[in-house]
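Report on the structure given below.
The values are calculated or read from the model by the stated rules, or taken from the named source; none is laboratory data. These figures come from a predicted structure and were not determined experimentally. Cβ sites come from the backbone with ideal geometry, for glycine too, and all protein chains shown count toward neighbours. Side chains included, ligands, DNA and RNA excluded: accessible areas come from the protein's heavy atoms. Shrake-Rupley method; radii C 1.70, N 1.55, O 1.52, S 1.80 Å.
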Amino acid sequence: AGPVSRLVFDKHSSGGRVLSAENLGALCREMGLELAPIDVKKAHIVLDANGDGSLTYDEFVAWWEHGLSIEALSEPGGVSPAAPATTADAADLSSLPVLDGERLLHTLERRCHARCVYTSNGPAMLVAVNPYEQLPIYGDDAVERYSDAARLRSLPPHIYGLASAAFTELQLEWRSQMVLISGESGAGKTETAKAVLRMVSALSAMAGGAGGGAGGGLGPK
């Protein structure tokens, strides 16, 4: 079975999507586990990774993955929940220890609210969320920033970064590259394609001196 449903967790949590010690016992009962009050208190203290007095969904799932075992709370190498990921921590979905549908949507929602509309999933995949507003992240300064291939790994995920990586591979490997853009109607595919073309055009212009010489052109496209 997959991790406890986010809907079940939210039913017992406060509006801030965190779980108090009082509600932890009720959630465990719904999951089929009746805990003594002292065990509920122990679990809440151990699982509260950042010490703020409440549990996040990620912290609870870390325990769920150990079968909601009280013994696992005190075993060496047992439950060790990580503090809730910040938008920066979750910039690459492949870095998350567990990735399921609930956590994927939660991460993308959190990042979108922070105006981080791009999230990596490994080095060659980018997930984009349409914010339905104009964001100041596509200017000339961004083009210049993401044109430096050596800095791409240290920069936040961006469609310019993906386009720049493809252009770099084109130059280094001298093989055709493809950027596949997919999504439902209204997801922003056309605007994404425009951003890719703008970045590739800018990179081509920067390398234009070399491209105009003998044997000019960029070879494979």
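The 3J(HN,Hα) values that the Karplus relation (6.51, -1.76, 1.60; θ = phi - 60°) gives for the stretch 130-144 are, in residue order, 6, x, 6, 7, 7, 10, x, 10, 10, x, 4, 5, 5, 4, 5 Hz. Gly and Pro appear as x.
Among the protein heavy atoms, those of Ser154 account for about 90 Å² of accessible surface (1.4 Å probe, every chain in place). Label-to-label distance, Ala193 versus Arg175, with points set 7 angstrom from Cα along the beta-carbon direction: 2.6 nm. Taking every protein chain into account, the 1.4 Å probe leaves Lys194 with about 110 Å² of accessible area, to the nearest ten. When Arg110, Arg198, Arg29, Arg153 are compared by accessible area at a 1.4 angstrom probe, the order from most to least is Arg153, Arg29, Arg198, Arg110.
Of the chymotrypsin sites (Phe, Trp or Tyr not before Pro) found in the stretch 111-153, those that fall in a DSSP loop while having at most 12 other beta-carbon atoms within 10 Å are Tyr132.
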